[in-house]
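J.: Mind looking over this structure? Questions follow.
Bear in mind that the values in this text are calculations on the coordinates, not laboratory data. Note that the coordinates shown come from a computational prediction; the quantities given were computed from them, not determined experimentally. Heads up, the Cβs are rebuilt from the backbone with ideal geometry, glycines too, and the neighbour counts pull from every protein chain shown.
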Amino acid sequence: MEPIRLKASTLQILGRFLTLFSGSCHEIFPSRHYKCMKGRWRSDRPTMKSLLSALTILLTTVVGSAQQHHDHNHAEQMPLDYVKFPYEAPLYQTNTGEVTANAIFSGITTFAKLPWVQCLSRQQDVPIDIAFLGAPFDTGTSYRPGARFGPSGIRAGSRRLNLYGGYNVALEANPFKSGYRIVDCGDIPVSPYDSAYAVKQIEEAHKSILQRAAFMPVANDSDTGEPLDTIALDGKNHPRIITLGGDHTITLPLLRSINSVYGPISVIHFDSHLDTWKPKVFGGAPSETAAVNHGTYFWHASQEGLIKNGSSIHGAIRTTLSGLEDYEVDDEVGFHRIEAREIDTLGVDGIVKKIHKTVGTRPVYLSIDIDSIDPAFAPATGTPETGGWTTRELRAILRGLDGLQIVSADLVEVAPAYDTNAELTTMAAADVLFEVLTVMTKNPLGKART
């Protein structure tokens, strides 16, 4: 017969009860129904003796059951609604086909209800293809703090992404059924007290995932069907990481990590600000730590040789400047610029063409500041600027990146404390990343063999 299984709390109670009647009477309180005889408790009521015997047998059975199942499979103890590999969309329909939204409120809130993998700890050996990774850091911001809560906010805004299956109509693809192993790795443990140390933590954590071998081998060319060659320096196929910020300072350690696998990289940067300012201009650089912030990180990246000069581009720029020399520095760092107002003359298609012309066929890193969207549509950010693009326009431009090889990406500066009750910003951020994810899954990393 299968032994009876009881909860740990029940075991505790039974254990204490048995100790009361079979333990040393010098260690517990006296009772008017029990006598201490030769150091042991003895009941003066026959019915209590029977109860003690029954409890002893029951506890022995339970202990035997616990020992028998001591080496049980921890993988079977999944959180509610946890999805194992291969990825399958959570069931949002009843047996009769009736649609229900119950599942989006249950279980752990990962990005788009993706499987949660502890990539930075005990599950480092699990191979993956695309990882969502949180970087809860905001000690480099110059105005409103709060982006440390961005990763959790974006995940909350993503709960409905695959409610109806996750098919991207505009891009004619379902990233969740692409065959790639896509997971949520949780957040990087980031120090809120020392920004220099936190930057190192972000770099090392990102690098520890990026430098692994991907789950899928190098793909075939989508046009010719011929096998592709890897674009990584070590000749291997590596995972792609979508990092959830955090303020924009995090892009510097992320580019350092990218450089360790791909070398200098072209960057597509959507933001209302240049973020290429010299530290003396932006913040005054009173210390080495203060010199690295969310307005100077691209300048540092350029100085370190992380950016491919002349093949990187900003989009949605509409910031005020200290003077036109800011643009001269931006040119030196290696960026072309698309002003936010140019959407009125170039339109979405014109902007997309300008991006493709600048980047060409080179591998790219994509960095998106949520303030590229006008605060009417995404108010919850650290340094909002009016006159930005609509959510629809940014999503259309991102879909226009189809055909590019995006090695990794980030979305930053979401500060949920300033959002509306309707979660407009976090929802917009999640939808933007849905477009990025779809483009990634449609365009495998690799180059044609020569």
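J.: Under the √(5λ) rule applied to the eigenvalues of the Cα gyration tensor, what semi-axes describe the equivalent ellipsoid of the stretch 299-450? Give them in Å, descending.
T.: Largest first, the stretch 299-450 gives 25, 21, 15 Å.
J.: Tell me, what ³J(HN,Hα) does each residue in the stretch 199-211 have, in order and in whole Hz, if you take phi through Karplus 6.51 cos²θ - 1.76 cosθ + 1.60 with θ = phi - 60° and put x for Gly and Pro?
T.: Values, residue by residue: 4, 5, 4, 5, 4, 5, 5, 4, 5, 5, 8, 4, 7 Hz.
J.: Under 25 °C and 0.890 mPa s, how fast does the stretch 97-173 diffuse according to Stokes-Einstein, given a Kirkwood radius computed over C-alpha pairs? Answer in µm²/s, whole number.
T.: D, rounded to a whole number, is 163 µm²/s.
J.: Rounded, prolate or oblate: which fits the stretch 106-264 when a ≥ b ≥ c are the square roots of the eigenvalues of the alpha-carbon gyration tensor, with rounded for a/c under 1.5 and prolate only if a/b beats b/c?
T.: oblate
J.: Here is a further query. Using the alpha carbon gyration tensor of the stretch 292-346, what are the three equivalent-ellipsoid semi-axes (square root of 5 times each eigenvalue), largest first, in whole Å?
T.: Taking √(5λ) for each eigenvalue gives 21, 14, 10 Å, largest first.
J.: Determine, from the Cβ-Cβ distance of ASN220 and THR450 and an R0 of 22 Å, the FRET efficiency 1/(1 + (r/R0)^6), rounded to the nearest 0.05.
T.: Rounded to the nearest 0.05, the efficiency is 0.90.
J.: Can you list residues from other chains, or at least 5 along the same chain, whose modelled amide H is less than 5 Å from the amide H of VAL267?
T.: Answer set, sorted by chain and number: LYS308, SER312, ILE313, TYR365.
J.: Kindly provide the pair-distance distribution of the stretch 360-450 built from C-alpha pairs, with 5 Å bins from 0 and whole-percent values in order of increasing distance.
T.: With a bin width of 5 Å, the distribution comes to 3, 14, 24, 21, 15, 11, 7, 3, 1, 1, 0.
J.: With the crude spin-label approximation of a point 7 Å out along Cα→Cβ, what separation in nm comes out for SER106 versus SER260?
T.: For SER106 paired with SER260, the spin-label model returns 4.0 nm.
J.: Also: For the stretch 214-348, take every pair of Cα atoms, bin their distances at 5 Å starting from 0, and report each bin as a whole percent.
T.: 2, 9, 16, 19, 17, 13, 10, 8, 4, 2, 0, 0
J.: Right, next: Take the Cβ-Cβ distance between ALA290 and SER191 as r, set R0 to 22 Å, and report the resulting FRET efficiency rounded to the nearest 0.05.
T.: Computed FRET efficiency for ALA290 and SER191: 0.85.
J.: Something else about it: Please express the Cα-Cα pair-distance distribution P(r) of the stretch 192-242 as a list of whole percents, one per 10 Å bin, running from 0 to the bin with the greatest distance.
T.: 22, 37, 23, 12, 5, 0
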